[in-house]
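S.K.: Quick one: structure below, then a few questions.
The values are calculated or read from the model by the stated rules, or taken from the named source; none is laboratory data. Everything numeric in this text was worked out from a predicted model, so none of it was measured. All Cβ positions, glycine included, derive from the backbone under ideal geometry; neighbour counts span all protein chains shown. What goes into the accessible areas is simple: the full protein's heavy atoms, side chains included, and nothing from ligands, DNA or RNA. Shrake-Rupley method; radii C 1.70, N 1.55, O 1.52, S 1.80 Å.
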Amino acid sequence: VAAITVGKLALHPLCIWLALLLCVRAGLPALPADLHTALLLTGTLPIMSIYPILAMRHGHEKFCAAALLSTTALSFFSLSALLALL
């Protein structure tokens, strides 16, 4: 659960930021600042609530529900930190 939580709340926004940076370096036009901020904030949101429902097919609904709970609880801190930075 910890790996999923760290991946979703820390690595996912970092990957979005790197993708935006690489797009600009590749010659694509830069996004407006407000859209750039919106994309980064979207990356720090918790996991979709459908995630445990999709995991039911594989018998991991309890594990995924725990991951959903932890990312939802900790996203308060990651969203607050990113808002403070932006």
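S.K.: Among the residues of segment 15-24, how many are open to solvent by 80 Å² or more (accessible area, probe 1.4 Å) and without any contact (Cβ under 8 Å) to a residue 12 or more places away in the chain?
M.R.: Residues that pass the stated criteria total 1.
S.K.: Being touching a His at 6+ places or on another chain (Cβ under 7 Å) and either among the small types (Gly, Ala, Ser) or open to solvent by less than 40 Å² (accessible area, probe 1.4 Å) (or both) narrows it down to one of 7, 43, 27, so name that one.
M.R.: That would be 43, the only listed residue that is touching a His at 6+ places or on another chain (Cβ under 7 Å) and either among the small types (Gly, Ala, Ser) or open to solvent by less than 40 Å² (accessible area, probe 1.4 Å) (or both).
S.K.: So residue 52 passes all but one of these: (1) in a helix (DSSP H, G or I); (2) surrounded by 15 or more Cβ atoms within 10 Å (Cβ to Cβ); (3) under 13 Å from the mean Cα position of the chain (by Cα). Which condition number does it fail?
M.R.: In the conditions (1) in a helix (DSSP H, G or I); (2) surrounded by 15 or more Cβ atoms within 10 Å (Cβ to Cβ); (3) under 13 Å from the mean Cα position of the chain (by Cα), residue 52 misses (3) alone.
S.K.: Filter segment 65-86 for residues that are of a type in the set (A, V, I, L, M), over 16 Å from residue 40 (Cβ atoms) and modelled with pLDDT of 85 or more and give the result. Reasoning before the result, please.
M.R.: Within segment 65-86, the first condition is being of a type in the set (A, V, I, L, M), and the residues that meet it are 65-69, 73-74, 79, 81-86.
Going one step further and asking which of them are over 16 Å from residue 40 (Cβ atoms), we end up with 65-69, 73-74.
Hits for segment 65-86 are 66, 67, 68, 69, 73, 74.
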